[in-house]
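The structure under discussion appears below in the form of C-alpha cells.
The values are calculated or read from the model by the stated rules, or taken from the named source; none is laboratory data. Keep in mind that what you see is a predicted model, and the values were worked out from it rather than measured. Every residue, glycine as well, gets a Cβ built from its backbone with ideal geometry; the counts of neighbours run over all protein chains shown.
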Amino acid sequence: MHETAAEATAEGAVPENGAQYTVVRNHEDQYSVWRIGQPVPQGWQEVGEAVSREEALARIEEAWLDLCPLSLRSAR
C-alpha cells in the first residue's frame, strides 16, 4: 500500500481519517489492501467493495488461508 512515513504512527498503524480500502488479489491468489482512489497495479484485481482498512484486513485473514502462491500449491 502507498503511505508516507508521516502517516504511520509509532505503532506502525496508519490513521484511518475516513479512508476506504478494498481487497485486491493477484494471479497467484495473494491478497493485499488497497486504498480507494489509487490505481490498482497491473496484475491485481479488486475483490469486494470499499470498507475500512481494519475490515479489509479481516477479510484477507478470512479468505487467505494458504499463504503459498497458487503456482506452488498447484505443483503439490
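When Leu57, Leu70 are screened for being at pLDDT below 90 and either surrounded by 13 or more Cβ atoms within 10 Å (Cβ to Cβ) or touching a His at 6+ places or on another chain (Cβ under 7 Å) (or both), only Leu70 passes. For the range 1-42, the set of residues classified as polar (S, T, N, Q), more than 14 Å from the chain's Cα centre (by Cα) and modelled with pLDDT of 50 or more consists of Asn17, Gln42, listed by residue number.
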